[in-house]
Amino acid sequence: MATGMTAPRRCRVDIVTTDQGILAPDATGLGEVIQAARVVVAVDADSTSHVVVRAATPPFLLDSDDDSVRKLFPDAIVSLVHADVPGQATISCSGVSAAEQLGAAAAVATLKRSWGWDESPTIRITFEAGGREFRLAPVFDDHAWWVDLPA
C-alpha cells in the first residue's frame, strides 16, 4: 500500500438464516411462497438486523404488498427484492437513514453473492424510492462476508 493510503472501511455481513428461508403461505398468511433471510450488518461498533425477502418461485416477483410482508418481521429492517438479474437488484426498504440503506444494500448484495452465486465483479443495488444506488462487491474472507464501504 502506498504511503498516505488508508484501507477502505468495511462492514461485516453475517447471514443468520442457516436454511434457505423458504416460508409457505400457511406460515405467513401471504398468497405466495417467499424466501426470507435474516442478516446482521456490522459497521464499526454498530450492528443492525435486516431481513431480505423475495418471491421463492419463478418469475421471482413478489405479489404481496410491501406492508404485508414487512409486518412479518417487525424487529428488522426489511428489504424486498423487486427485480433480480445478474449484477443488479432493485429493492424497496423500510430503512430510511443512509446507514440503514447501506446496510440493506450490503445485505442484499451479500445474499446474491453467497446464495445466488452472482459472480459479477460488482453488484448494483438500486432503491425503488429515490433511485439511490450502491455498487458493492461482497467477499468471503477470514471466515466471514465483508463489503467495502463506499467512500
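Using θ = phi - 60° and the Karplus curve 6.51 cos²θ - 1.76 cosθ + 1.60, what whole-Hz ³J(HN,Hα) does each residue of region 133-149 get, with Gly and Pro shown as x?
Residue by residue, region 133-149 yields 9, 10, 10, 10, 9, x, 9, 9, 8, 6, 6, 8, 8, 9, 10, 5, 7 Hz.
Applying the Karplus parametrisation 6.51 cos²θ - 1.76 cosθ + 1.60 with θ = phi - 60° to the phi angles of region 57-71, what ³J(HN,Hα) value in whole Hz is obtained for each residue in order, glycine and proline being reported as x?
Whole-Hz 3J(HN,Hα) from phi for region 57-71: 10, x, x, 6, 10, 5, 8, 6, 6, 4, 4, 4, 6, 4, 4.
Here are several values of volume of the Cα convex hull per residue in Å³: [x] 122; [y] 99; [z] 141. Which one was derived from the coordinates shown?
[x]
In percent, how large is the relative contact order of region 37-97, given Cα pairs closer than 8 Å and 6 or more residues apart?
So the answer I get is 27 percent.
Can you find, among Ala151, Gly130, Thr110, the residue farthest towards the positive end of the dipole of the chain? Put +1 on the C-beta of Lys and Arg, -1 on that of Asp and Glu.
Ala151
Quick one: helix 98-114 against the long Cα principal axis of the chain, what's the angle to the nearest 10°, folded into 0 to 90?
Between helix and principal axis, roughly 80 degrees.
Show the residues, 5+ positions off or on another chain, whose built amide H is closer than 5 Å to the amide H of Gly87.
The answer is Ser120.
May I ask for the distance between the Cα centers of region 92-151 and region 57-82, given as a whole number of Å?
That distance is 17 Å.
Pop out the carbon and sulfur fraction of the accessible area of the chain as a percent, whole number, probe 1.4 Å.
The C+S portion of the solvent-accessible surface of the chain is 54 percent.
List the residues whose amide H sits under 5 Å from the amide H of Ile77, counting only those 5 or more places along or on another chain, with H placed 1.01 Å from N in the peptide plane.
Ser49, His50, Val51
The values are calculated or read from the model by the stated rules, or taken from the named source; none is laboratory data. Fair warning: this is a prediction, and the values are worked out from it, not measured in the lab. Neighbour counts run over all protein chains shown; Cβ positions are idealised from the backbone, glycine included. Heads up: the accessible areas ignore ligands, DNA and RNA and are worked out on the full protein's heavy atoms, side chains in. Shrake-Rupley method; radii C 1.70, N 1.55, O 1.52, S 1.80 Å.
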